[in-house]
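Encoded as C-alpha cells, the structure appears first; notes follow it.
No lab work stands behind these numbers, since they all come straight from the coordinates. The model shown is predicted, which means the values in this text are computed figures rather than measured ones. As a convention, Cβ positions derive from the backbone with ideal geometry for all residues, glycine included, and neighbour counts pool all protein chains shown.
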Amino acid sequence: MVTRVSTFGSLQADLFLIRRQNLNFDRLNFQVSTGEKFQELKNYGTKAPRILDLQSEIDRREGYVNSLGLSELNLQSYDATLERLGEIIDDIIKASEPLSTQDPNFTSTTETLATNLLIEVDANLNLEIGDRFLFAGTRFDTAPVANLRALPVYTTNDLGVANAVETANDIPTFIVDSGGANTAVSYHTQGPNTQDARSYEKVSLTVADDALLTYGITATEPAFQNLIESIVRLRSSAQAGLTEAQREQFLAEASTAAQNARDQIRQLQATNGLNLARIQDQKENHENFINISKIALDDIKLVDDATAAAEISALSAQVQASFTVISTRRQLSLVNFL
C-alpha cells in the first residue's frame, strides 16, 4: 500500500513540534533561573490553593512576629530598668543606716546622694524607645516624670505622716507640710490632684488568633511612688535645723518606704517576666510554623536544578535536530521526492 504524505503537512507537524519544544524550553529556562517550577500559579493545578493558603498564613504570622519582636524589646527594657531601680533601692536602704547623723559630712553627703538618685530615677522612668516613652501608659509622646530634683523636702510636720498611695486614674500626689501649708506636689507631669486614665493604661497586644496580652508598666505604679517617697524622705533628713532624733526618724521612714518599693518592684519583675516568657513562646511558635510552611512551599514549588539543567540540554539538542529536518525538507524538489 502506498501512503501519500503531503510535504506541507510534514512541515506543519514539525513546526508544531518546535513550538511545543520552545514552550518547554522557556519553562526549563525559568526553572533554571528562578529555581521554581512554574511562573503562573494556575499551572500548579490542585496544589495552587494550598500554596495560597500557606503564603497567606506565613504573611499573617510574620506580622505577629514583627509585633512580638517590638514588644519583646519593650519588656526587656522594663526588666533592665527595674533591675537598676532595685539597685537604687539598696543604696537608699544603706544610706538610711549611717554610722551617725552627727557626722559633719552627713548633710552634704546625703544631699548629694539623694539628688543623684533622683536624677537617675528621672532618667529611668523617662526612658524613650522609638519616640515613645516606655513608662507613660498610652500617653506615648509625653515624658511621664517631671524634674524630680524640683520636689520640695518634707518638713518636721510630715514626720509620722504616711504618704497616700494613689491608684486607678489618680495621679500620684505628695502633701508637704501636713497640718501647715499642706502643699500638694507630684513627680508626675499630669499632677498633682488630677486624674488621667491614659497615664495608667497599659498596652494590649494580639499575640495569636483570639489571644490578647495586656502588658506594660507605668510611672504611676505604687512601687515608683514609694521609691520616690523614700528618696525625698532621705533628702529631707539632710536639711538644716533638725535634731538628731528628727534626722533618724526621716531616715527610718525613708528605709520603710524603700523596702515597700523593693517588694513591689519584685512583683513587677515577676509579672513582667511572665509576660516576656509568653511573648517569646508565641514568637517561637510563629517562627516554627513559618519555617515549616516555607519548607512545605519549597517542596511544592522548587525544582531540582541539576535535573532541569539536564532536561534543557537534551531539549536543546532536540530543537536543533528539528530545525535541521525542516531545513532539509524545505529543499525538497520533485526529483528528490521521487
For region 167-242, report the convex hull volume of the alpha-carbon atoms normalised per residue, in Å³, without decimals.
101 Å³
What is region 192-282's relative contact order, in percent, from Cα pairs under 8 angstrom and six or more apart in sequence?
28 percent
For region 79-292, Kirkwood radius (reciprocal of mean inverse C-alpha pair distance, Å)
18.5 Å
What does the highest-first list of 143-152, 256-265 look like by mean Cβ count within 10 Å?
256-265, 143-152
Taking only C-alpha pairs under 8 Å that are 6+ residues apart, what is the relative contact order of region 110-162 in percent?
26 percent
Rank these for me by crowding, 75, 274, going from fewest to most other beta carbons within 10 Å.
274, 75
Within a 10 angstrom radius of the beta carbon, how do 206, 81 rank from fewest other beta carbons to most?
206, 81
Expressed as a whole-number percentage, the relative contact order of region 79-292 with C-alpha contacts under 8 angstrom and at least six residues apart is 24 percent
Give, in nm to one decimal, the length gained when the segment between residue 60 and residue 201 is fully stretched (0.36 nm per residue of separation minus the Cα-Cα distance).
48.0 nm
With Cβ to Cβ distances under 13 Å as the rule, what net charge do the other residues near residue 150 carry (K, R +1; D, E -1)?
+1
Amide H neighbours of residue 202 under 5 Å, counting only residues 5+ apart in sequence or on other chains, H built in-plane at 1.01 Å?
none
Sort the following peptides by mean Cβ neighbour count (other Cβ atoms within 10 Å, averaged over residues), highest first: 173-181, 232-240, 51-59.
232-240, 173-181, 51-59
